[in-house]
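The values are calculated or read from the model by the stated rules, or taken from the named source; none is laboratory data. Keep in mind that this is a model prediction, so the values were computed, not measured. Cβ atoms come from the backbone with ideal geometry, glycine included; neighbour counts cover every protein chain shown.
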Amino acid sequence: MFRITVLGLLSKKPMHGYEIQQILEFDQVELWTNLQVNKIYHAIRQMEKEQLIKVHSTDRNGNRSRVLYNITEAGKAELTKEIEKTLCSPTLHFPSKLYTAVSFISQVPKQNALICIQKHIVELEKSIKIWEEGELKKINLGIKSPNFLKAVFMNGINNMKADIKLLYEIRDHIDELY
């Protein structure tokens with residue numbers, strides 16, 4: 001995921017690692033991907049070693065030097081390959097840990113299971129609220145998302161809502177599991 005993200009951003013223009021990090025934080029990528037923004041510099045160093053990106057220039061900002069990175073031809077080829085591979089491969093996102101836990105739910109006291117299910121629902125509802133607030137923040141800043149990004153956003157929201165629905169079903173039929 002880092003490869004596509006970093007290479008994709010650098011394909012638009014040369015950027016500092018900090019600029020990439022700021023974009024990822026603003027877009028709240030940690031909420032909808034498995035990317036950890038604090039690991040961006042490790043990914044950048046790795047891609048530089050692989051010659052997918054290179055130093056475009058270095059400037060000083062006070063006591064710090066800032067490195068501006070650019071994508072290489074090999075990086076452009078890798079970006080194309082990674083995007084095509086991802087688009088061609090279905091990604092099955094199931095809450096498999098939840099499915100497994102439900103299979104053995106009778107191993108914990110029913111009251112504990114109900115408390116955990118409710119906590120899970122609350123956390124998913126919080127996530128939906130955070131996503132929606134982030135989208136509203138962009139709108140209020142005058143940032144218009146392309147339609148395909150709106151579709152991606154709604155897909156994420158709908159997946160969380162489907163998980164909430166599943167959790168309510170499990171809760172409502174929990175007696176069958178004990």
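Here are the numbers for the structure shown:
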read-out: Residues of segment 87-107 classified as surrounded by 12 or more Cβ atoms within 10 Å (Cβ to Cβ) and either touching a residue at least 60 places away in the same chain (Cβ under 8 Å) or of a type in the set (S, T, N, Q) (or both), total; value: 5
read-out: Test for Leu149: is it within 18 Å of the chain's Cα centre (by Cα) and either β-branched (Val, Ile, Thr) or in the same structural domain as Lys126 (by TED's automatic domain parsing) (or both); value: yes
read-out: Output for segment 10-19, where each listed residue is closer than 17 Å to Lys76 by Cβ and either buried (at least 17 other Cβ atoms within 10 Å of the Cβ) or in contact (Cβ under 8 Å) with a residue 40 or more places away in the chain (or both); value: Leu10, Ser11, Pro14, Met15
read-out: Test: residue in segment 35-44 that is within 17 Å of the chain's Cα centre (by Cα) and on the phi > 0 side of the Ramachandran plot; value: no
read-out: Qualifying position, being over 16 Å from Glu30 (Cα atoms), modelled with pLDDT of 95 or more and surrounded by 13 or more Cβ atoms within 10 Å (Cβ to Cβ), among Leu177, Leu167; value: Leu167
read-out: Top-ranked residue of segment 21-67 - restricted to ones that are touching a residue at least 40 places away in the same chain (Cβ under 8 Å) and assigned to a helix (DSSP H, G or I), ranked as nearest to Ile130 (Cα to Cα); value: Leu31
read-out: Which listed residue, of Ala74, Ala113, is more than 24 Å from the chain's Cα centre (by Cα) and over 19 Å from Glu169 (Cβ atoms); value: Ala74
read-out: Checking Ala151 against (1) surrounded by 12 or more Cβ atoms within 10 Å (Cβ to Cβ); (2) within 24 Å of Met1 (Cβ to Cβ), the condition it does not meet; value: (1)
read-out: Candidate set from segment 43-86 (those that are among the acidic types (Asp, Glu) and in contact with a strand residue (DSSP E or B) (Cβ under 8 Å, 6 or more places away or on another chain)); member that is surrounded by the fewest Cβ atoms within 10 Å (Cβ to Cβ); value: Asp59
